[in-house]
Amino acid sequence: MAIDPQFTREIRKVLRVRKEDSAFVYNIFEASEGLGCYSTLPHKNGDAHRDLELRIPESLLPEALRMLEGLSELYVELSSESMSRSGDAADGARE
């Protein structure tokens, strides 16, 4: 039985958030459990920002984008790419 491609592909986004806004953004992501997962990327002491990696299943992208739209004043999107669940960039699709 073949697996539906919408469940094997994900969108990886990297967002930059001001350090003082990061706790609020983390709480929104936690409250939106199931729309994807996030992690904080490495940073240096004293950095005024935090970079967050989001991984969103392609099938949930519309809902995740609505959530991100509500936070749009709190972040800058650094990158976005479509990937297979194995972590390989898909077809070189980057924005």
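Computed from the coordinates by the stated procedures, all read-outs in this text should not be read as laboratory data. All values derive from a computational prediction rather than experimental measurement. All Cβ positions, glycine included, derive from the backbone under ideal geometry; neighbour counts span all protein chains shown.
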Asp21 to Ser59: FRET efficiency via 1/(1 + (r/R0)^6), r the Cβ-Cβ distance, R0 35 Å, to the nearest 0.05? 0.80
Output wanted: per-residue J couplings in Hz (rounded whole) for segment 38-55, from phi through Karplus 6.51 cos²θ - 1.76 cosθ + 1.60, θ = phi - 60°, x for Gly and Pro. 9, 8, 8, 7, x, 9, 9, 4, x, 4, 8, 9, 10, 9, 10, 9, 10, 10
Taking segment 22-80, which GluC sites (Glu not before Pro) meet the DSSP loop condition and have no more than 16 other C-beta atoms within 10 Å? Glu33
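Using 0.36 nm times the number of residues separating His43 and Ile28, minus their current alpha carbon distance, what extension gain do you get? Show your work: numbers first, answer last.
Working: separation 15, 0.36 × 15 = 5.40 nm, distance 2.10 nm.
Using 0.36 nm per residue and subtracting the Cα-Cα distance, I get 3.3 nm.
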Per 10 Å bin, what is the whole-percent P(r) computed from every C-alpha pair distance within segment 10-82? 20, 59, 19, 2
